[in-house]
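Report on the structure given below.
The values are calculated or read from the model by the stated rules, or taken from the named source; none is laboratory data. Computed from a predicted structure; not experimentally measured. So basically every Cβ, Gly included, is an ideal-geometry build from the backbone, and we count neighbours across all protein chains shown. Keep in mind that these areas ignore ligands, DNA and RNA; they rest on the heavy atoms of the full protein, side chains included. Shrake-Rupley method; radii C 1.70, N 1.55, O 1.52, S 1.80 Å.
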Amino acid sequence: MRLYASAPPRRTTTLLLTAVLLLIGGLLLAYPGRAGAAADPLISRGRPATSSSVEDSTFGPAKAFDGDPATRWASAEGSDPQWIKVDLGATATVSRVRLSWEAAYAKAYRVEVSTDGATWTRLATETAGNGATDDWTGLSGKGRFLRVYGTARGTSYGYSLYEVEVYGALDSGPPPTGAFTVVAAGDIAAQCTASSSSCAHPRTAAQAQRINPKFYLTMGDNQYDDALLSDFRAYYDKTWGAFKDRTRPVPGNHETYDPAGPLAGYKAYFGAIAYPQGKPYYSYDEGNWHFVALDSNSFDDPAQIQWLKDDLARNTKGCVAAYFHHPLYSSGGHGNDPVSKPVWQILYGARADLVLNGHDHHYERFAPQDPSGRATADGIVEIVGGMGGAEPYPIETVQPNSQKRISGPYGVLKLDFTDTTYTWQYVGTDGQVKDSGPTYTCH
């Protein structure tokens, strides 16, 4: 805590202090670089934030950047290290960082900046913190990302910050706006309930609900084994059904096994939510993003392919995300699925940014690549997110451009979008962040 206090000055002291302040003011005018540093604007308010963990959804990392002194971020209790990170939206020169701690403060921590969110440069170090407010001024660091990295808690709890305020100068204009969060998962509801300790979808639903996103989306195989309407009601509805009205699903192959007809139970359960345009594929907009929900069971249907081309041609948004069940690339048991390649070619031609899939029951992220699997900066980022509750599949053959693979821990994708960027975390059912993706700028 950096606090400076004194007794009320006498009149003579006040006159002297006034004279000193006038002198300092004149010096600042003579040296505009110093005056400018003092007046650097707040550049972190409302920016996308991520953290190593959260205590629960009411204490998410965005709460430390919302300007509300009554809200806060809180990490999971009882473990070190923990961190909170903000994406400033552009490279910035950081001159000041002000931290407002809750009672769960950091005794030791670092303030760091990074250009890529991976390699960090230290701006400030605290080794004997005592909470309240830490105001780091006179800093000189350059980067797009800033994080507070706690290494020793001051209490037995976790870390908790009311506000993290970053001041400085952005290199390329104001930061992006239109931030929102989405939770996604595929391969969800096994035929089990919370009464079974091995049943995972109640736990992934609870974690998804704690994050409290703008909306939820699913990447198919929502209900096992044959996606009967009775099974949807008995299993999925008891967990992920709690936020059904905010869910935008797509079907997987298990939805086609229904004896009443392919997708019969799926359509009966979700209704217009899954068929808003009268087909099991549809699109919608949020902020500067265009989302395309596809039925990969029928990628051989010319009507769906033509609809996709027409939909993308009509799109006026700057960023494009698509999601469907079968991944073109996967290191899991099902492996690569060429049925998706023609759709990738259409999406790549439309400069799409992100594709989300399920089918293989693991988490995996890929570097940007083209439909032929060549790494390229203008390629599509693919994430496999089939860890929503079905039995995990092992990693078998690691594919080129695969950057991270996790099989075993159940969890959900927490995706953070702005008008020009996106990033994500794989959050386990224990609330811990298992992996964080880079921050990408839309094509």
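Descriptive notes on the structure:
- Here the range 205-330 is treated with +1 on each Lys and Arg Cβ and -1 on each Asp and Glu Cβ, and its dipole about the Cα centre works out to around 560 debye.
- Debye intensity ratio in log₁₀ form over the Cα atoms of the range 175-247, taken at each q of 0.23 Å⁻¹: -1.01
- Between the range 325-354 and the range 91-168, the alpha-carbon center distance in angstrom: 40 Å
- For the range 398-443, the spread of Cα positions along the three principal axes, ordered from largest to smallest, is 33, 28, 10 Å.
- Take Tyr422: with every protein chain present and a 1.4 Å probe, its accessible area is about 10 Å².
- Cα gyration tensor, the range 364-443 - rounded (a/c under 1.5), prolate or oblate: oblate
- Taking the longest Cα principal axis of the chain as reference, the axis of helix 201-211 is set at about 40 degrees.
- Cα pair distances in the range 216-317, grouped into 5 Å bins until the bin that holds the longest one, percent each: 2, 13, 23, 24, 18, 10, 7, 2, 0
- Computed about its Cα centre, the charge dipole of the range 131-232 is approximately 320 debye, with only Lys, Arg, Asp and Glu carrying charge at their Cβ.
- Rounded to whole Hz, the Karplus (6.51, -1.76, 1.60) HN-Hα couplings of the range 249-264, x for glycine and proline: x, 10, x, x, 5, 5, 5, 8, 8, 4, x, 6, x, x, 6, 4
- Prolate/oblate/rounded call for the range 292-427, Cα gyration tensor, a/c under 1.5 rounded: prolate
- Kirkwood hydrodynamic radius computed over the range 89-203 comes to 16.9 Å, based on all pairs of distinct alpha carbons.
- With a cut-off of 15 Å between beta carbons, the residues surrounding Ala367 carry a summed charge of -3, where Lys and Arg count +1 and Asp and Glu -1.
- With the biggest extent put first, the Cα atoms of the range 327-370 measure 29, 19, 13 Å across the principal axes.
- Where the chain is the region considered: accessible area per residue in Å², 1.4 Å probe: 41 Å²
- Set against the 2.2 N^0.38 Å expectation for a compact globular protein, the range 262-318 has a Cα radius of gyration ratio of 1.19.
- Pairwise alpha-carbon distances in the range 33-102 exceed 15 Å for 59% of all pairs.
- Report summary: the helix-based calculation at 222 nm, which adds -39500 (n - 2.57) for every DSSP H run with n ≥ 4 and divides by the residues of the chain, gives -5000 deg cm²/dmol.
- Solvent-free Debye scattering, log10 I(q)/I(0), computed from the Cα coordinates of the range 301-355 at q = 0.13, 0.17, 0.22 Å⁻¹: -0.34, -0.57, -0.88
- Of the residues Ala264, Ala200, Ala322, the one that moves most in a GNM of the chain with alpha-carbon contacts below 10 Å is Ala264.
- Helix 11-30 vs. the chain, principal-axis angle (Cα, 0 to 90°, nearest 10): 60 degrees
- Surrounding net charge for Cys319, when Lys and Arg each add one and Asp and Glu each subtract one, Cβ distance under 14 Å: -4
- Note on the range 306-410: dipole from Cβ charges, positive end direction compared against Val339, Thr397, Ser407; the farthest Cα belongs to Val339.
- Those lysines that a straight Cα-Cα span of less than 18 Å connects to Lys279, excepting residues fewer than 8 apart in one chain: Lys267, Lys309
- Residue with peak Gaussian network fluctuation, the chain [Cα springs, cutoff 10 Å], from Asp237, Asp187, Asp295: Asp237
- 24 Å Cα-Cα reach of Lys85 towards lysines, excluding residues that sit fewer than 8 places from it in its own chain: Lys63, Lys107, Lys142, Lys214, Lys404, Lys414, Lys434
- For the chain, the longest principal axis of the alpha carbon atoms and the long axis of helix 302-314 meet at an angle near 20°.
- Solvent-free Debye scattering, log10 I(q)/I(0), computed from the Cα coordinates of the range 150-294 at q = 0.09, 0.11, 0.17 Å⁻¹: -0.40, -0.55, -0.94
- For the chain, carbon and sulfur atoms together expose 53% of the accessible surface, with a 1.4 angstrom probe and every protein chain in place.
- Computing FRET efficiency as 1/(1 + (r/R0)^6) for Ala260 and Arg374, where r is the C-beta to C-beta distance and R0 is 35 Å, gives about 0.20.
- Checking [x] 1.04; [y] 1.18; [z] 1.11 against Cα Rg over 2.2 N^0.38 Å calculated from these atoms, the matching label is [z].
- Cα-centred dipole magnitude for the chain, charges only on beta-carbon of K, R (+1) and D, E (-1), debye, nearest 20: 1780 debye
- One chain, two ends: Asp285 and Val398. Fully extended at 0.36 nm per residue, the span grows by 37.3 nm beyond their Cα-Cα distance.
- Positive-end residue of Tyr224, His201, Gly265, charge dipole of the range 180-287 with Cβ unit charges: His201
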